[in-house]
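Single-structure report; data block below.
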Amino acid sequence: GYGSIQLAGRILGLLGVIQVAATSARSACSQTSPGLRRAPTLHRSLRLRPETRIVPKSGLLRGMKRLRAAAVDVESEPWELDAFSPSKINLFLRVVGKRPDGFHDLGSLFQAISLGDRLRISRLEEGAKDEFYCDMPGVPTDDSNLVLRAAKLFRDRTGIKSGVKMCLNKTVPAQGGLGGGSANAATTLWGLNKLFDFPATQEELINWSADLGSDITFFLSSGTAFCTGRGEILENVPHLPQKELFVIKPSKGLSTPLVFKNLNYSELSQEDPRSILRRFYTTTDSNCSDMYINDLEPPAFRLYPELKQIKDVLEEFKFEAVLMSGSGTSLFALGEPQSAPEEVFLAEMQKMKDDFGLKIHKARFVNRGPGLGDWYEPVTL
């Protein structure tokens, strides 16, 4: 064999994730392509995939040098398309009821925000296998990844045969209710459509995206949309006034199915989603925090009581609104703190960082233009 579990632990501590392929990578960016997959995290499972092995100690230094060289090559390589992939918040989320298919009917106002990832794409020759690299440990790089699934869907629907090479730099946290993976898939569909000279219409991209997941459709909107059904039925609504916000994400996540499984239907708001939507465009009352409703907060707080504690602290700073996004565990605080300067707020969040593994991001609303070639732009705050 290649050593004990203790050796594996030391190697993972040095490299984070060991990736050794049965065949050499086609290029630096194919480092984590389907032929070169990331080894599973050993503290969760000691089983190794058939194509993955732990390198012997004598090969550790060579492996480190190869990975460092690959990272440099990924960043220095020219790319045909370099796109921003945003995230989203739910300004309100009503669970209307459970459907016969087991999903839930929702009514929600989605807003794209400037907390986002970076996706770069280049075309390969016809018939070439897709190559995919991601810099965030734990993100799957096999065919289960939404980016690769979106690329396959795009080819299936357009008849294009070319492979693509893609590099994803992740910032949006997983299991945060921010739609990061869905945005990556939507960005892939839009990016490939642009690279191949727009073989699909906007309506076709929206219709195709529903086959991949509920939230993907939203990111193909203008960036502000009222979504119903499972979230895939899209209604563009006027852009909202520009606002800044803080996104607060504890290290612990919750799975969406688990949150829905713990719904207590007697706790659901009874307010009509369209009535709430109208209030976002008609109210002039500065004290309008009751518009910000998320029916998934009670089950999420039962599963993760500390999340409610974090929200309670945020509310002490008198933001315009504090709400959980999606199924959690991200919270957002809209506007600026009114009860203390921003520096005091950030200092308080820093005190809680060790207890909850908090990450705090400052962001603002973003939207895209109406043209097929228009997309979201990164924002520096």
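The values are calculated or read from the model by the stated rules, or taken from the named source; none is laboratory data. Predicted, not measured: the structure shown is a model, and the values here were computed from it. Heads up: the accessible areas ignore ligands, DNA and RNA and are worked out on the full protein's heavy atoms, side chains in. Shrake-Rupley method; radii C 1.70, N 1.55, O 1.52, S 1.80 Å.
The table below lists the values:
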item	result
Sulfur and carbon atoms: percent of accessible area, the range 65-364 [1.4 Å]	49
Largest to smallest accessible area among ILE293, ILE121 [probe 1.4 Å]	ILE293, ILE121
For SER87, distant residues with modelled amide H under 5 Å away	ILE113, LEU115
For the range 119-127, Karplus couplings with θ = phi - 60° (6.51, -1.76, 1.60), whole Hz, Gly/Pro x	10, 10, 9, 9, 7, 10, 5, 4, x
Rg/Rg_ref, the range 65-364, where Rg_ref = 2.2 N^0.38 Å and atoms are Cα	1.04
ARG368 long-range amide H proximity, modeled H, under 5 Å	GLY223
Sequence-distant residues sharing a close amide H with GLU80 (under 5 Å, placed H)	ILE121, SER122, ARG123
The range 78-215 - convex hull of alpha carbons, volume per residue in Å³	125
Ranked order, LYS359, LYS165 - accessible area, probe 1.4 Å, largest first	LYS359, LYS165
TRP79 - accessible surface, heavy atoms, 1.4 Å probe, Å² rounded to 10	50
The range 65-364, relative contact order in percent, only Cα pairs under 8 angstrom and at least six apart counted	21
Residue-wise HN-Hα coupling along the range 101-106, computed from phi with Karplus coefficients 6.51, -1.76, 1.60 (Hz; x: Gly, Pro)	7, x, 7, 10, 7, 10
Solvent accessible area, Å² - ARG230, 1.4 Å probe, full protein context	60
Accessible area in square angstrom per residue, the range 80-218, 1.4 angstrom probe	35
Phi to ³J(HN,Hα) by Karplus 6.51 cos²θ - 1.76 cosθ + 1.60 over the range 365-371, Hz, x for Gly, Pro	5, 9, 9, 10, x, x, x
Relative contact order (%) - criterion: Cα under 8 Å, at least six apart; region: the range 231-381	35
Two-decimal Rg/Rh across the range 226-381, once Rg and the Kirkwood Rh are taken from alpha-carbon atoms	0.96
Cα-based Kirkwood hydrodynamic radius, the range 313-381, one decimal, Å	14.1
Violating pairs (Cα-Cα greater than 30 angstrom) within the set LYS98/LYS252; LYS152/LYS249; LYS261/LYS359; LYS318/LYS351	LYS152/LYS249
